[in-house]
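As structure tokens, the structure follows; a few thoughts come after it.
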Amino acid sequence: MLRLGALRLRGLALRSSQGRPSSAGLREGQESPPSPPEWKDRAETVIIGGGCVGVSLAYHLAKAGMRDVVLLEKSELTAGSTWHAAGLTTYFHPGINLKKIHYDSIKLYERLEEETGQVVGFHQPGSIRLATTPERVDEFKYQMTRTNWHATEQYIIEPEKIHELFPLLNMDKILAGLYNPGDGHIDPYSLTMALATGARKYGALLKYPAPVTSLKPRPDGTWDVETPQGSVRANRIVNAAGFGKELFESDLDRITEHVEAAMEMVPVLKKADIINIVNGPITYSPDILPMVGPHQGVRNYWVAIGFGYGIIHAGGVGTYLSDWILHGEPPFDLIELDPNRYGKWTTTQYTEAKARESYGFNNIVGYPKEERFAGRPTQRVSGLYKILESKCSMGFHAGWEQPHWFYKPGQDTQYRPSFRRTNWFEPVGSEYKQVMQRVGVIDLSPFGKFNIKGQDSTQLLDHLCANVIPKVGFTNISHMLTPRGRVYAELTVSHQSPGEFLLITGSGSELHDLRWIEEAAVRGGYDVEIRNITDELGVLGVAGPYARRVLQKLTSEDLSDDVFKFLQTKSLKISDIPVTAIRISYTGELGWELYHRREDSAALYERIMNAGQEEGIDNFGTYALNALRLEKAFRAWGSEMNCDTNPLEAGLDYFIKLNKPANFTGKQALKQIKAKGLKRRLVCLTLATDNVDPEGNESVWYKGKVIGNTTSGSYSYSIQKSLAFAYVPVELSEVGQQVEVELLGKNYPATIIQEPLVLTEPTRTRLQKDGRKS
């Protein structure tokens with residue numbers, strides 16, 4: 001990336017020592033710590049850590065009106081990685097949700113000097129990311145369609161324009177540039193001091209040096225925070241700590257290759273002198289993203305840690321966290337930063353391997369469906385891992401290895417990421433046909449699985465879920481909503497015995513959902529027992545027109561349609577192996593999910609595969625599952641629904657029971673949303689493309705303007721066209737409406753269709769029965 005008006009090679013900290021603090025002491029002219037105000041024995045929120053992120057949160061909470069905000073810093077403000085940060089401020093981010101964080105940060109920094117009277121050293125000359133390969137050009141096109149429906153200003157520019165904007169560049173290999181006019185840089189120290197001034201102005205106490213020596217949780221959910229200066233009792237804690245102001249020894253040889261590459265790209269650097277080298281530590285999480293939000297399993301304990309890019313994230317994260325703390329729900333979906341995406345499987349060895357990989361991959365081309373292999377597998381492998389690992393391409397899901405697609409002898413088995421259809425396209429088509437025409441088996445063990453029981457279990461779930469509680473022996477799909485009526489989670493709820501429930505959620509939201517349930521139970525004083533049994537149970541899905549025939553060979557339980565109905569759940573034995581069988585399948589075809597002891601997975605799988613030889617049984621993976629569920633118009637949490645969407649616009653009306661007696665969370669907000677009417681609606685699109693398919697988050701165009709975005713997509717192997725879900729304005733949501741979807745720089749005609757494209761098996765069976773009766 002080039003920063004116009006300055007030179008910077010990303011990941012390289014070479015700078016003049018002029019005007020910069022060092023670890024040895026204060027900068028010339030730097031203020032001494034202010035005389036400490038009186039100590040507070042009680043606080044609404046205690047923030048631990050005085051870097052840019054912690055100070056930003058103190059500023060935002062105090063400005064929003066929270067009284068008794070206390071920040072504790074062990075040495076001095078900016079003493080961590082903030083003081084030696086590069087201070088880059090970029091609108092660009094390859095992710096979707098973090099673009100909002102970057103945007104909010106920059107908008108804050110633009111007005112902060114005027115608000116606080118403190119100079120922040122903010123400059124916005126713009127930046128250009130350079131493409132020297134066709135793959136990088138494709139990445140820029142991919143990122144453009146993911147940006148056009150955001151507020152960020154971004155363009156792809158030709159080499160001539162690049163040279164005009166930055167004439168010092170060697171243009172020999174340049175093919176294109178991604179230009180963000182509003183990008184820039186800010187002085188991290190001045191920014192933090194301005195935020196500190198604002199925090200004090202609005203009533204926050206910033207105390208330093210005040211190292212925290214002990215944290216003690218109390219039965220009522222408050223915390224005793226101990227320091228050498230005294231103790232503070234806090235209603236909540238936010239850990240925003242980092243590694244201190246120490247530096248490593250200079251080691252320019254380690255990055256010589258990159259320095260030389262920068263000099264080749266910008267030849268004038270060859271004549272520059274290196275005055276000073278700063279080799280400072282920064283905090284990296286395994287996936288390079290910070291951890292932001294409340295922590296599961298510990299009441300009123302929040303984190304804002306692991307920031308590799310704390311300066312650009314500080315302003316937006318301060319806004320985001322303060323809104324969440326004050327209003328009881330996140331202002332928008334940001335699950336990729338959820339600290340609960342990590343669990344007991346995240347060992348020190350895994351963290352070290354992934355952090356090295358993530359830093360090393362900082363500037364590689366970012367493909368859709370990307371996989372990274374360091375630190376894998378973790379301890380979280382299903383009982384089928386050894387059986388399947390040589391037959392398929394595995395994907396990583398919350399520590400688990402799960403088959404994405406299977407290959408046959410003679411097929412290309414390599415991992416070949418691409419922005420277009422690649423080597424998995426034909427095998428996934430075969431798996432699709434396997435399920436539609438015969439019978440397939442899929443490993444679903446990564447599902448999050450909770451057992452809830454107790455005298456108040458039904459009341460708790462009735463309070464949490466917008467759907468009714470299923471009768472004993474039955475299952476339904478339920479949604480937990482936020483107070484504003486947004487979709488916090490989607491659950492499969494099975495009522496196994498009176499007052500005992502099995503809850504299933506997606507692998508990526510296991511602890512995210514568990515925290516929400518646990519906190520509701522504590523807050524409401526419900527007498528329940530909640531157990532996370534995710535690692536105890538394996539899950540096999542068996543689906544397809546011959547699924548019943550195969551399973552019936554292995555059990556004495558009657559699996560006929562009249563006896564084992566759709567959405568029923570029963571405990572039975574499959575070839576003497578105990579299972580909880582639920583007649584449900586995300587494929588939309590005839591199928592069962594079989595929950596069993598994890599140690600029984602291999603034996604259960606082998607017996608099902610042996611029993612299905614006559615029916616031509618075979619494996620299928622999650623890529624085929626995605627294609628199948630899209631054709632059935634099944635929504636996916638995290639794509640079609642999340643904390644940015646309400647269930648009515650997502651087309652989930654069937655699962656939302658506004659007339660049920662229980663005043664479930666979000667009910668009143670949803671009534672207001674319904675009364676006001678919807679502004680947008682989720683629709684299903686078909687589009688004819690050329691070797692590229694929608695993934696989700698692409699721009700939807702109408703008459704030259706961006707009017708919405710896709711949420712997920714795939715190739716439909718039944719109609720041999722691309723298929724996608726998309727949010728569009730209500731007035732453009734009618735069946736037959738023509739729009740366009742942008743893919744890799746080209747707008748493809750798309751048509752809104754009546755959903756589902758393919759009827760589910762239960763619907764087809766019911767229509768057949770009705771036809772026979774008539």
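The values are calculated or read from the model by the stated rules, or taken from the named source; none is laboratory data. Note that this is a predicted model, so its numbers are computed, not measured. As a convention, Cβ positions derive from the backbone with ideal geometry for all residues, glycine included, and neighbour counts pool all protein chains shown. For accessibility, only protein heavy atoms count, side chains too; no ligands or nucleic acids. Shrake-Rupley method; radii C 1.70, N 1.55, O 1.52, S 1.80 Å.
Give all pairs with beta carbons closer than 6 Å in which a residue from region 745-774 that is aromatic (Phe, Trp, Tyr) meets a residue that is part of a strand (DSSP E or B); count only pairs at least 6 apart in sequence or on separate chains.
Going by the 6 Å Cβ cut-off, the qualifying pairs are TYR748/LEU687; TYR748/VAL741.
Mind listing whichever residues of region 251-271 are touching a helix residue (DSSP H, G or I) at 6+ places or on another chain (Cβ under 7 Å) and open to solvent by less than 40 Å² (accessible area, probe 1.4 Å)?
Matches in region 251-271: ALA262 only.
Here is a list: THR90, THR116, THR78, THR133. Which entry is among the hydroxyl-bearing types (Ser, Thr, Tyr), at pLDDT 95 or above and under 14 Å from ALA194 (Cα atoms)?
Values: THR90 fails: under 14 Å from ALA194 (Cα atoms); THR78 fails: at pLDDT 95 or above; THR133 fails: under 14 Å from ALA194 (Cα atoms).
Exactly one residue qualifies, and that residue is THR116.
Check off (1) touching a strand residue (DSSP E or B) at 6+ places or on another chain (Cβ under 6 Å); (2) open to solvent by 50 Å² or more (accessible area, probe 1.4 Å); (3) under 27 Å from THR319 (Cβ atoms) for LYS207 and give me the number that stays unchecked.
Checking LYS207 against (1) touching a strand residue (DSSP E or B) at 6+ places or on another chain (Cβ under 6 Å); (2) open to solvent by 50 Å² or more (accessible area, probe 1.4 Å); (3) under 27 Å from THR319 (Cβ atoms), the one that fails is (2).
Could you figure out which of (1) open to solvent by less than 50 Å² (accessible area, probe 1.4 Å); (2) part of a loop (DSSP other than H, G, I, E, B) isn't true of ILE274?
Of everything listed in (1) open to solvent by less than 50 Å² (accessible area, probe 1.4 Å); (2) part of a loop (DSSP other than H, G, I, E, B), ILE274 misses just condition (1).
Within the group ALA374, ALA353, which residue is under 28 Å from ILE533 (Cα atoms), in a loop (DSSP other than H, G, I, E, B) and open to solvent by less than 60 Å² (accessible area, probe 1.4 Å)? Steps first, answer last, please.
On the way: ALA353 fails: in a loop (DSSP other than H, G, I, E, B).
Only one candidate passes the filter, namely ALA374.
Out of ARG629, ARG635, report the one residue that is modelled with pLDDT of 95 or more, assigned to a loop (DSSP other than H, G, I, E, B) and closer than 13 Å to SER712 by Cα. It would help to see each step written out before you state the result.
Values: ARG629 fails: assigned to a loop (DSSP other than H, G, I, E, B).
The match here is ARG635.
Quick one: which residue in ASP535, ASP562 is open to solvent by 60 Å² or more (accessible area, probe 1.4 Å), on the phi < 0 side of the Ramachandran plot and either in contact (Cβ under 8 Å) with a residue 60 or more places away in the chain or in contact with an Asp or Glu (Cβ under 8 Å, 6 or more places away or on another chain) (or both)?
Working: ASP562 fails: either in contact (Cβ under 8 Å) with a residue 60 or more places away in the chain or in contact with an Asp or Glu (Cβ under 8 Å, 6 or more places away or on another chain) (or both).
Criteria check complete, one pass: ASP535.
Scan region 214-232 for residues that are open to solvent by 20 Å² or more (accessible area, probe 1.4 Å) and more than 33 Å from the chain's Cα centre (by Cα) and jot them down.
As a first pass, look at region 214-232 and keep what is open to solvent by 20 Å² or more (accessible area, probe 1.4 Å): 214-220, 224, 226, 228-231.
Of everything in region 214-232, those that are open to solvent by 20 Å² or more (accessible area, probe 1.4 Å) and more than 33 Å from the chain's Cα centre (by Cα) turn out to be GLU226, PRO228, GLN229, GLY230, SER231.
If only one of ASN659, ASN610 is without any contact (Cβ under 8 Å) to a residue 24 or more places away in the chain and not in a helix (DSSP H, G or I), which one is it? Before the answer, list the steps.
Values: ASN610 fails: not in a helix (DSSP H, G or I).
Result of the check over ASN659, ASN610: ASN659.
Given SER571, SER575, which one is of a type in the set (S, T, N, Q), farther than 25 Å from GLY638 by Cβ, touching a helix residue (DSSP H, G or I) at 6+ places or on another chain (Cβ under 6 Å) and open to solvent by 20 Å² or more (accessible area, probe 1.4 Å)?
Numbers: SER571 fails: touching a helix residue (DSSP H, G or I) at 6+ places or on another chain (Cβ under 6 Å).
Result of the check over SER571, SER575: SER575.
Out of all the residues in region 142-186, which are under 14 Å from ILE128 (Cα atoms) and of a type in the set (D, E, K, R)?
Once the filter is applied, which keeps residues that are under 14 Å from ILE128 (Cα atoms) and of a type in the set (D, E, K, R), region 142-186 yields GLU153, GLU158, GLU160, LYS161, GLU164, ASP183.
Collect the residues in region 110-136 that are touching a helix residue (DSSP H, G or I) at 6+ places or on another chain (Cβ under 6 Å) and either in a helix (DSSP H, G or I) or free of Cβ contacts under 8 Å to residues at least 60 places away in the same chain (or both), keeping them in residue-number order.
Listed by number, the residues that qualify are LEU112, THR116, ALA131.
Here's the yes/no breakdown for (1) at pLDDT 95 or above; (2) among the aliphatic types (A, V, I, L, M):
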residue: ALA151; (1), (2): no, yes
residue: TYR189; (1), (2): yes, no
residue: ARG200; (1), (2): yes, no
residue: VAL212; (1), (2): yes, yes
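Tell me which residues, restricted to region 137-151, are open to solvent by less than 20 Å² (accessible area, probe 1.4 Å) and either assigned to a strand (DSSP E or B) or of a type in the set (Ser, Thr, Tyr) (or both).
Scanning region 137-151 gives THR145, THR147.
Scan region 491-500 and tell me whether some residue there is open to solvent by 40 Å² or more (accessible area, probe 1.4 Å), closer than 27 Å to GLU336 by Cβ, touching a strand residue (DSSP E or B) at 6+ places or on another chain (Cβ under 6 Å) and outside any loop (DSSP other than H, G, I, E, B).
So far as region 491-500 goes, no, none of its residues is open to solvent by 40 Å² or more (accessible area, probe 1.4 Å), closer than 27 Å to GLU336 by Cβ, touching a strand residue (DSSP E or B) at 6+ places or on another chain (Cβ under 6 Å) and outside any loop (DSSP other than H, G, I, E, B).
Right, ILE237: buried (at least 16 other Cβ atoms within 10 Å of the Cβ), under 21 Å from TRP324 (Cα atoms) and either among the charged types (D, E, K, R) or at pLDDT 95 or above (or both) or not?
So ILE237 fits the description; yes.
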